[in-house]
Amino acid sequence: MSTDTPVPVASLASRAAAAFTAYRLGDRDRMGELVDLVTPVLWHTARAQHLDVHTAEDVVQTAWIRLVDHADAIDDAQAVLGWLITTVRREAWRTSKQAGRADVVDEVPEAALADESPGTAATIDPSLLAVLREGQRLLWRHIADLPERCQALLRVIAFVDRPDYAAVSRALGMPVGSIGPTRGRCLAKLRVALLADPKWSHS
Amino acid sequence: MTTDDSVVGAQDTLDDLDATILAAAREVIARLDPVPAGLTDRIKFEITLAALHAEIADLERMPLAGVRGDDTAYVPTESVTFTSSTLSLMVTVAVGDESPASPATEPTVRVDGWVTAGGAEVELFVAGQSFQAVSDAHGRFVIEGVPRGSARFVLRAPGGAGRPVITPTMEI
């Protein structure tokens, strides 16, 4: 992505909708394209809910099978991205509850987790930080310093296109701090922290 | 908790710097927590299976004592039987008796199978690959050079009649 004036690009939701529509019209192969397009977002949605790698894989797979089973029940193809994200979030919540996690409440939480939680950064293997360039490590440190729900939001938003931000924030159940069309609290915090850091350069 | 207005710029419209930050965040997160290799292939496979509306076979595991390969080598084998309303399948897995071509090459296994129909189409899915065979007049088939991993068989009656049968996952 460049910093030039953005060329209008199809949003992830639109590309997903096109593949999903073709699939429903009988072009079965387009489902593979949909899987390639959306799985990264779903992966980070699951991981941002503190699922380990194995459980996150199961949850993402389950969401896809649900989609195949319920393909006709989705009225608006444009909503398929949000439907999948919501399904992963609910399935992640259900799985965590079954596993008896003490910090899981009885309802699908509106805004995923409390600000005091250890942070979604805690699910990352610290030894992997060695693969990052210095500037990337700096950015990651600032992300990891954000409140939990902001980390969870940014982790997913980073994998969708700008026109998707508002719908994806909604699908994540994050009215507070949501991104799009305004910057929102979470991204604003990160931006302020980066701009205040003399070591950070965005060139 | 703070409100949106308490953070500088929270109410501003997204600009190019925001796009730059998010693009950099995407790169960092993708490196720190990559989508597991093969996940999308596994998902596509599961979707294909779901679309087959296949009958899922029951597993009957029958561990056998190892059989003697020659005077010294003791080749472990395991025989597993799957049953369904139409077709049954018995498979025996033998660890490849030849050494791998080089230390870097993963050892493979040989799968000997028997289906209760000649001319049945057998497809073995393992480690993101698929292997095809057709059972002979006695229902036998052999698939060699199979990598180890979680495996599933899909069976189709001769001529593709009836519902396909899918086995549960077995480790080979």
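Overview of results
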quantity: Selection status of B:ASP4, within 7 Å of chain A (Cβ to nearest Cβ), modelled with pLDDT of 80 or more and touching a helix residue (DSSP H, G or I) at 6+ places or on another chain (Cβ under 8 Å); calculated: no
quantity: Some residue of region A:78-89 being farther than 28 Å from A:LEU146 by Cβ, in contact with an Asp or Glu (Cβ under 6 Å, 6 or more places away or on another chain), away from chain B (no Cβ under 12 Å) and surrounded by 15 or more Cβ atoms within 10 Å (Cβ to Cβ); calculated: no
quantity: Residues being under 10 Å from B:PHE125 (Cα atoms) and part of a loop (DSSP other than H, G, I, E, B) - total across region B:141-172; calculated: 2
quantity: The one condition in (1) touching a Gly at 6+ places or on another chain (Cβ under 7 Å); (2) more than 7 Å from every other protein chain (Cβ to nearest Cβ); (3) not in a loop (DSSP other than H, G, I, E, B) that A:ASP164 fails to fulfil; calculated: (1)
quantity: Residue within region B:126-137 that is under 13 Å from B:MET170 (Cβ atoms), touching a Phe, Trp or Tyr at 6+ places or on another chain (Cβ under 7 Å) and at pLDDT below 95 present; calculated: no
quantity: Filter result (at the interface with chain A (Cβ under 7 Å from one of its Cβ atoms) and either part of a loop (DSSP other than H, G, I, E, B) or surrounded by 15 or more Cβ atoms within 10 Å (Cβ to Cβ) (or both)) within region B:7-16; calculated: B:VAL7, B:VAL8, B:GLY9, B:ALA10, B:GLN11, B:ASP12, B:LEU14
quantity: Which numbered condition A:PRO198 misses (of (1) closer than 16 Å to B:ASP18 by Cα; (2) more than 9 Å from every other protein chain (Cβ to nearest Cβ); (3) surrounded by fewer than 15 Cβ atoms within 10 Å (Cβ to Cβ)); calculated: (1)
quantity: Any hit, region A:26-47, residues being surrounded by fewer than 24 Cβ atoms within 10 Å (Cβ to Cβ), free of Cβ contacts under 8 Å to residues at least 60 places away in the same chain and within 14 Å of the chain's Cα centre (by Cα); calculated: yes
quantity: Subset of region B:30-57 that is assigned to a loop (DSSP other than H, G, I, E, B) and in contact (Cβ under 8 Å) with a residue 24 or more places away in the chain - its residue that is farthest from the other protein chains (Cβ to nearest Cβ); calculated: B:ALA57
quantity: Pair list, Cβ under 6 Å, 6 or more apart: region A:69-87 residue touching a residue at least 24 places away in the same chain (Cβ under 8 Å) and over 15 Å from A:ALA19 (Cβ atoms), other residue surrounded by fewer than 20 Cβ atoms within 10 Å (Cβ to Cβ) and among the aromatic types (Phe, Trp, Tyr); calculated: none
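The values are calculated or read from the model by the stated rules, or taken from the named source; none is laboratory data. This one's a predicted model, so the numbers in the text were calculated from it and none came from an experiment. All Cβ positions, glycine included, derive from the backbone under ideal geometry; neighbour counts span all protein chains shown.
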